[in-house]
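The values are calculated or read from the model by the stated rules, or taken from the named source; none is laboratory data. What you see is a predicted model; the values in this text were computed from it and never measured. Here the Cβ positions follow ideal geometry from the backbone for every residue, glycine too, while neighbour counts run over all protein chains shown.
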Amino acid sequence: MSLSTWSTGLCGCCEDPCVSCACAGLIFCALYFVGVPCLYSFTYRSKLRSNYSLPGEACGDCCIHWCCLHCAICQEYRELKNRGLDPSKGWVPNAEKMNKGEAMAPPVVAQGMPR
């Protein structure tokens, strides 16, 4: 399995604002006040890497979110936008766009064990 590369750098924070849904935002804010928002937010980075075969490792995702939280979230937002999705529109419009093949969707992997 070959790895792609991130379409923008980690420190390109000012290119686009970060947008998240209300529910995730509330969870994130609650953890932010406790001091550990990275425990929630890094999972999205891991999913993004997995879906698009981006380089990195699970422990690295948590460390990046721990040390550079805002930059990491902005990089993930830009990555989705550069792949033809618009996180500010929410899940439904983006899922429809991916289903129509208008966005760069992740490769489909067959489930189960072949005989």
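In segment 47-62, the qualifying residues are those that are without any contact (Cβ under 8 Å) to a residue 24 or more places away in the chain and in a loop (DSSP other than H, G, I, E, B), and the one that is nearest to Cys11 (Cα to Cα) is Gly56.
Kindly check whether there is at least one residue in segment 32-41 that is in a loop (DSSP other than H, G, I, E, B), at pLDDT 80 or above and farther than 21 Å from Met98 by Cβ.
First pass over segment 32-41, keeping only residues in a loop (DSSP other than H, G, I, E, B): 35-37.
From what is left, the residues that are at pLDDT 80 or above are 36-37.
Still in the running and farther than 21 Å from Met98 by Cβ: 36-37.
Yes.
Quick check on segment 63-115: of everything there that is among the aliphatic types (A, V, I, L, M) and part of a loop (DSSP other than H, G, I, E, B), which residue is modelled with the highest pLDDT? Per the stated criteria, the residue is Leu85.
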